[in-house]
Amino acid sequence: MKRRAVLWIALRYLFGRGGRETGRIISAVLIIGLSLIPLVVVLQVADGMIEGIVTRFIETGTFHIRAAARRSVEQDEIADALESLREIPGVRYAGAELQGMGLAHSDRGRRGVTLRGVPPELWERDEGFREYIEVRSGAFELDDPAGAVIGTDTAATLGLEPGDELRVLTVRPSPRGGFLPRVTRFTVRGVVTTGYQELDRLWVFVPYDRARSILDRSAATEYIGLKVDEPLALENPLFRTGHGMPLLRDGERDAREIPVAVSSILGADWRVDTWYQAERTRYISFQTTKNLLSFIMLLIVCVAAVNISSALVLLSIEKQHEIAILKSVGAAPREIAGIFVVSGFIAGVLGTVLGMAAGMLIAVNINEIMAALERMINAFQAGAGLIAVPFGGVEPAPLEILSAEFYLERIPIRLAFPELFAAALAAILIATAASLIPARRAAATRPLEVMRRH
Amino acid sequence: MNDRALIELQGVEKWFQTGGERLRILAGVDLTVESGTAVAITGESGCGKTTLLNIIGGLEAPSAGTAVAAGYRLNAADESELTDYRRSVVGLVFQFHFLLKDFTALENVLLPAYMAGCRREAAEKRAAELLREVGLGERLQHFPHQLSGGERQRTAVARALVNEPRIMLADEPTGNLDEQNSELVADTLFALVRSRGTTLLLVTHDRGLAERGDRLLRLERGNLVGV
């Protein structure tokens, strides 16, 4: 039997004249579609979150390439190195940073903080830093040696606003042994956030020179941070641009050579890491979480495919009589099987198209959906609170689904078409594979036995 | 084997095992049918007429003996040979029409041709012509449930002939029809097979219908006897 005849019969069986069989197939298609939605959303949202978090980390925290001094380095030496580093093609920013620990306190409280001594011109020169640091109040100004810029969480904990005094306790080794505490007073110039509190909750930005004077150099780390034109092209397993050397664009090829050039300029006294190497475990854990979630979601698709299988098994039982007729007029067993495999394939394709469309629609609107969900739950909670409070109940705290404390405040969405394509392919294959059991069953129909029953 | 024989059965036996008992239906049937003849087989109900037809139709294997039709050794053929045989050599008409309910009369008739590899347009043309020949030119787009019993059976006759089979097997083709429709179906069947030179093997209880054949045989106690 020709393939076209198989396709024709399969289509007629699927969408023939309505009825129970068609209803069952449509419900199987819908279930496949529904099962794909979580997978598509997870793939897109997880990618968006990973990219969002990675971009924030590398633009505001670790830089694209970070060189950490292995010994105490003099300022002149750093200045010379920076000049050479800025000459490397593809490097768009190079600056020093001294990082150490301190205890910040105010009249309202105290907390351990990470002091980041950065050049005052960082804000002006580093476009990426500016893009991902949101100034909530005041300004990112470090021209004044006593100026400091703090994260929103630290500002909230210490009750500080721009113009307030911030005291920072640091320790330095005493010449007579032990440590000498030192309190440095700063004036808060700005309160900032990256939108990801895990990253910025402990940050206190102070002028670089001031940091050098108050931090114990043996306990602090001297960094040189670099920003490049194509950060995601630096060797990493998270983003596709990092793979497939022959397909790399010029800028991406240049980016891969930068770490080598940086190492040769700075020499053995500096440890040079790309952004991925600097926070490798964190990024691996992101990727593993995403893979695990995707796998679980794929299992849901497998479960949904059972539905296709059972719908086709029922179809094969209901059409047993017609299968017998087809065989008696010359249809071969493999062609009968073909009808059911094609049916499973078509159902899979339809379900996949449906699921992909719905999943992508949800994924690109995930922030709005979360916000609407949050408003709805909070409105319901508030209503419940109004009833509960007069009777001695407690007013429930408002729910924050995307709490900035743990997640990005807003998930950046970027549709990863290769991954979507793979998911679609997997769903279609699973649905087609699910049709093999009914296909075999139908192919094994003995026409005479069935006809005798009629 | 006779040179002109299209169907040749030698010592064909068929038995069914029911519990510990062997139920013998055919007890060494010998039959030779020459090309272009119409052979009618009659017999009591349950005597094995349909079983014999099923063996010749490649739907059932004999328990013993040899059955050869149009060069196909049916008692030893594998599934693919039998599929090929059913597709290109025989046309089957059953007591019940066995039309596919989701397909129109035209689609039911064109289906075997389309499945045999004929182009859709050509199969459609051939099916429409046949349906016109059986008097259903106005019913091409009707579904089986929209046709009368006689019309369904005539559609089944057209379907059996669409691949221009050399052998036509008809099992009680008028068994479910009233007298008027029986007559119409019988006329159609004989007219079509005679005009095409198709070999007809007809199983029937209807003595009048049986007598329209070139040869009349009776199946008694598992063997064929001339009438």
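The residue of the range B:70-107 that is farthest from residue B:49 (Cα to Cα), among those that are among the aromatic types (Phe, Trp, Tyr) and within 8 Å of chain A (Cβ to nearest Cβ), is B:103.
Looking across the range B:13-41, the residues that are in a strand (DSSP E or B), open to solvent by 10 Å² or more (accessible area, probe 1.4 Å) and touching a Leu at 6+ places or on another chain (Cβ under 8 Å) come down to B:13, B:14, B:15, B:16, B:17, B:30, B:32, B:34. Quick check, is residue A:136 surrounded by fewer than 16 Cβ atoms within 10 Å (Cβ to Cβ) and more than 17 Å from residue A:61 (Cβ to Cβ)? Yes: the conditions hold for residue A:136. Looking at this structure, is residue B:109 touching a Lys or Arg at 6+ places or on another chain (Cβ under 9 Å), open to solvent by less than 30 Å² (accessible area, probe 1.4 Å) and at pLDDT below 90? Taking the combined requirement at face value, the residue does not satisfy it.
What pairs come out if I take residues in the range A:305-316 that are open to solvent by 50 Å² or more (accessible area, probe 1.4 Å) and pair them with residues that are of a type in the set (Val, Ile, Thr) and in a helix (DSSP H, G or I) whose C-beta lies under 8 Å away, six or more apart or interchain? Listed pairs, sorted by first residue: A:307/A:31; A:307/A:32.
A quick yes/no check of all residues on (1) more than 30 Å from residue B:192 (Cβ to Cβ); (2) of a type in the set (Gly, Ala, Ser); (3) more than 14 Å from chain A (Cβ to nearest Cβ):
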site	(1), (2), (3)
B:19	yes, yes, yes
B:26	no, no, yes
B:31	no, no, yes
B:39	no, no, yes
B:42	no, no, yes
B:48	no, yes, no
B:53	no, no, no
B:57	no, yes, no
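For residue B:83, the conditions (1) surrounded by 18 or more Cβ atoms within 10 Å (Cβ to Cβ); (2) within 26 Å of residue B:191 (Cα to Cα) all hold with the exception of (2). If you go through the range B:174-200 and keep only what is assigned to a helix (DSSP H, G or I) and of a type in the set (S, T, N, Q), you end up with B:180, B:181, B:182, B:188, B:195.
A single member of B:190, B:143 is of a type in the set (Phe, Trp, Tyr) and within 13 Å of chain A (Cβ to nearest Cβ), and it is B:143. Residues in the range A:427-454 that are in a loop (DSSP other than H, G, I, E, B) and within 14 Å of another protein chain (Cβ to nearest Cβ) were compared, and the one that is most open to solvent (accessible area, probe 1.4 Å) is A:446. Scoring residue B:135 on the criteria (1) more than 10 Å from chain A (Cβ to nearest Cβ); (2) modelled with pLDDT under 90; (3) surrounded by 17 or more Cβ atoms within 10 Å (Cβ to Cβ) leaves a single failure, condition (3). Of the helices (runs of 4 or more DSSP H) entirely within the range A:55-132, those holding at least 3 residues that are outside the structural domain of residue A:162 (by TED's automatic domain parsing) occupy A:75-86.
The values are calculated or read from the model by the stated rules, or taken from the named source; none is laboratory data. Everything quoted here is computed from the prediction, not taken from an experiment. Glycine also receives a Cβ, built like all others from the backbone with ideal geometry; neighbour counts cover every protein chain displayed. Calculation scope for accessible area: heavy atoms of the full protein, side chains included, ligands and nucleic acids excluded. Shrake-Rupley method; radii C 1.70, N 1.55, O 1.52, S 1.80 Å.
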